[in-house]
Amino acid sequence: GAGVSQSPSNKVTEKGKDVELRCDPISGHTALYWYRQSLGQGLEFLIYFQGNSAPDKSGLPSDRFSAERTGGSVSTLTIQRTQQEDSAVYLCASSFLASGSYEQYFGPGTRLTVT
Amino acid sequence: AQTVTQSQPEMSVQEAETVTLSCTYDTSESDYYLFWYKQPPSRQMILVIRQEAYKQQNATENRFSVNFQKAAKSFSLKISDSQLGDAAMYFCAYRSASFGGGADGLTFGKGTHLIIQP
């Protein structure tokens, strides 16, 4: 079956602009995760959705970051007023927690460059 | 908070040889999951192998096996008969068996860049 997909693959934006990153999880996966991968910080966990709700948003780096998930499927990560330090690869993953395996399946990521 | 340490930024091995990648972690929990992920230049994170902390038996997936030492909080990955396609970044990751309070995501090490010499 289809894996996790993310769009766009690459995004270049000017400092101060808003960007939206999209994640389409594996069909039937109830849990969805966002991570950020940067040279300086490595891989950071940002936020987790179980269904449409995000129980804990404390991993988001600042209040410029927000995320939503609708219909228990597609999720968007929005970064407002982008800064150069937001440049990174943003990875999305999904899992089927009811299986008890806790394995997360990752998408190919979106490389964000803020100029 | 849990931490994961990979002390080898880069490893090199001859094709067909065996290589071991190191990972240690720090946690106060007794129940958790450990994973090794592979990330080739395509950026796609691929699950290589997983280990449940409550299982004493080391996990094995074809040429990949782990040495899980719970008391020592060590989780190394052994790759046998290395192939050119094994070249990638390898990340060790920890996941609590709990939910909430930030426990839901994976905690990753900094990664080990594996080079396969032909």
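The values are calculated or read from the model by the stated rules, or taken from the named source; none is laboratory data. Model, not experiment: these values are computed from the prediction. Reconstructed Cβ throughout: ideal geometry from the backbone, glycine too, with neighbour counts over all protein chains shown.
Scanning the stretch A:10-47 for residues that are within 9 Å of chain B (Cβ to nearest Cβ) and either small (Gly, Ala, Ser) or out of contact with any Leu (no Cβ under 7 Å at 6 or more places or on another chain) (or both) returns A:Ala31, A:Tyr33, A:Gly42, A:Leu43, A:Glu44. When you look at A:Asp18, is it of a type in the set (Asp, Glu) and in contact (Cβ under 8 Å) with a residue 12 or more places away in the chain, yes or no? So A:Asp18 passes the test.
Consider A:Gly72 carefully, then state whether it is farther than 24 Å from B:Val4 by Cβ, at pLDDT below 95, more than 9 Å from chain B (Cβ to nearest Cβ) and in contact with a Ser or Thr (Cβ under 8 Å, 6 or more places away or on another chain). Walk me through it before giving the result.
Details: farther than 24 Å from B:Val4 by Cβ: yes; at pLDDT below 95: yes; more than 9 Å from chain B (Cβ to nearest Cβ): yes; in contact with a Ser or Thr (Cβ under 8 Å, 6 or more places away or on another chain): yes.
For A:Gly72, the condition - farther than 24 Å from B:Val4 by Cβ, at pLDDT below 95, more than 9 Å from chain B (Cβ to nearest Cβ) and in contact with a Ser or Thr (Cβ under 8 Å, 6 or more places away or on another chain) - is met.
Every condition in (1) aromatic (Phe, Trp, Tyr); (2) within 11 Å of chain A (Cβ to nearest Cβ); (3) under 18 Å from B:Ser7 (Cβ atoms) holds for B:Phe68 except the one numbered (2).
Please work out which residue is nearest to the other protein chains (Cβ to nearest Cβ), limiting yourself to the stretch B:48-57 and to residues that are of a type outside the set (Phe, Trp, Tyr) and within 23 Å of B:Gly105 (Cα to Cα). This residue is B:Arg50.
Checking the structure you have, find out if any residue of the stretch B:47-60 is of a type in the set (Gly, Ala, Ser) and surrounded by 15 or more Cβ atoms within 10 Å (Cβ to Cβ).
Residues of the stretch B:47-60 of a type in the set (Gly, Ala, Ser): B:53, B:59.
Restricting the remaining residues to those that are surrounded by 15 or more Cβ atoms within 10 Å (Cβ to Cβ) gives B:53, B:59.
Yes: one or more hits.
The set of residues from the stretch B:80-93 being touching a Lys or Arg at 6+ places or on another chain (Cβ under 6 Å) and buried (at least 17 other Cβ atoms within 10 Å of the Cβ) comprises B:Ala88, B:Tyr90.
Among the candidates A:Ala88, A:Ala2, A:Ala93, single out the residue that is within 17 Å of B:Gln44 (Cβ to Cβ) and either surrounded by fewer than 18 Cβ atoms within 10 Å (Cβ to Cβ) or more than 14 Å from chain B (Cβ to nearest Cβ) (or both). Reasoning before the result, please.
Values: A:Ala88 fails: either surrounded by fewer than 18 Cβ atoms within 10 Å (Cβ to Cβ) or more than 14 Å from chain B (Cβ to nearest Cβ) (or both); A:Ala93 fails: either surrounded by fewer than 18 Cβ atoms within 10 Å (Cβ to Cβ) or more than 14 Å from chain B (Cβ to nearest Cβ) (or both).
Step by step, each of A:Ala88, A:Ala2, A:Ala93 is checked, and only A:Ala2 is within 17 Å of B:Gln44 (Cβ to Cβ) and either surrounded by fewer than 18 Cβ atoms within 10 Å (Cβ to Cβ) or more than 14 Å from chain B (Cβ to nearest Cβ) (or both).
Set side by side, the residues A:Gly109, A:Gly59 differ, and just one is under 28 Å from B:His113 (Cα atoms) and in contact with an Asp or Glu (Cβ under 9 Å, 6 or more places away or on another chain), which is A:Gly59.
Looking at the stretch B:27-47, which of its residues are within 14 Å of B:Glu61 (Cα to Cα) and either within 11 Å of chain A (Cβ to nearest Cβ) or in contact with a helix residue (DSSP H, G or I) (Cβ under 6 Å, 6 or more places away or on another chain) (or both)?
Within the stretch B:27-47, the subset within 14 Å of B:Glu61 (Cα to Cα) is B:35-38, B:46-47.
Within the stretch B:27-47, B:Phe35, B:Tyr37, B:Lys38, B:Ile46, B:Leu47 meet the criteria.
Residues in the stretch B:101-118 that are without any contact (Cβ under 8 Å) to a residue 24 or more places away in the chain and crowded, with 21+ Cβ neighbours inside 10 Å: B:Asp104, B:Gly105. Before we move on, is B:Ser65 hydroxyl-bearing (Ser, Thr, Tyr), farther than 22 Å from A:Ala88 by Cα, assigned to a strand (DSSP E or B) and touching a Leu at 6+ places or on another chain (Cβ under 9 Å)? Against the criterion (hydroxyl-bearing (Ser, Thr, Tyr), farther than 22 Å from A:Ala88 by Cα, assigned to a strand (DSSP E or B) and touching a Leu at 6+ places or on another chain (Cβ under 9 Å)), B:Ser65 qualifies. Give me the pairs: first residue in the stretch B:77-100 and over 16 Å from B:Val66 (Cβ atoms), second residue buried (at least 20 other Cβ atoms within 10 Å of the Cβ) and among the basic types (Lys, Arg), beta-carbon distance under 6 Å, and six or more apart or on different chains, which are they? From residues that are over 16 Å from B:Val66 (Cβ atoms), the pairs are B:Ala88/B:Lys38.
Can you find, within the stretch B:1-24, the residue that is nearest to B:Lys110 (Cα to Cα) among those that are assigned to a loop (DSSP other than H, G, I, E, B) and among the hydrophobic types (A, V, I, L, M, F, W, C)? Taking the candidates together, the pick is B:Cys23.
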